[in-house]
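What follows is a set of notes on a single structure, which appears directly below.
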Amino acid sequence: MSTVALPRPLVVLGLAGIAPQAFCLLMVLHGGEDRWTALAAACCYAALILSFLGGLWWMAGMLAGVKEAWFHVLAVVPSLIGWAMLLPWCVGAPWPRPELMTLGLLILASPLADRALARHVQWPAGWQRLRLMMATGLGLLTMAIGLLA
């Protein structure tokens, strides 16, 4: 399965979504004053993307007429988890290693949700392959940053 059937801008822009996390990793590795900013930015970006995925699943399921409760839970939980991963920062609790690791693992596993939805949703040819590449890149980069936090 390839991504050739997808419009080139979709593939390029989708894969470019990994760039902010790669930049954050470089900033963390560089150290210095910007290290904390990079950790916070990486956590916020991962939470944002996880929430975005939930919205994507919500709309795809709605368009396909999925009515089962599991679908609604699957679509809403990513935003709640993203919010929960940012909460420790808001209250001054120790942060962000466990949150980055959790977000990275969930992003890495997110193509499993696409696969579950594929029983009900007609994804474009090449979409699941692109999602696997995007999720692998972003998930592994987020976890790498978490290990360095």
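The values are calculated or read from the model by the stated rules, or taken from the named source; none is laboratory data. Quick caveat: nothing in here was measured; it's all calculated off a predicted structure. Cβ sites come from the backbone with ideal geometry, for glycine too, and all protein chains shown count toward neighbours.
Some notes on this structure:
- Of the residues making up the stretch 30-41, not a single one is within 25 Å of Leu10 (Cβ to Cβ), touching a residue at least 60 places away in the same chain (Cβ under 8 Å) and surrounded by 16 or more Cβ atoms within 10 Å (Cβ to Cβ).
- Candidate set from the stretch 89-101 (those that are at pLDDT 95 or above and surrounded by fewer than 20 Cβ atoms within 10 Å (Cβ to Cβ)); member that is nearest to Arg131 (Cα to Cα): Met101
- Scan of the stretch 103-143 for residues that are free of Cβ contacts under 8 Å to residues at least 12 places away in the same chain and more than 16 Å from Leu63 (Cα to Cα), ordered by number: Leu112
- Residue check, Gly54 buried (at least 17 other Cβ atoms within 10 Å of the Cβ) and within 24 Å of Leu132 (Cβ to Cβ): yes
- Note on the stretch 79-102: residues that are within 18 Å of the chain's Cα centre (by Cα) and either assigned to a helix (DSSP H, G or I) or within 20 Å of Ala60 (Cα to Cα) (or both) total 15.
- Of the residues making up the stretch 42-53, those that are touching a residue at least 60 places away in the same chain (Cβ under 8 Å) and closer than 14 Å to Ser110 by Cα are Ala46, Ile49, Leu50, Leu53.
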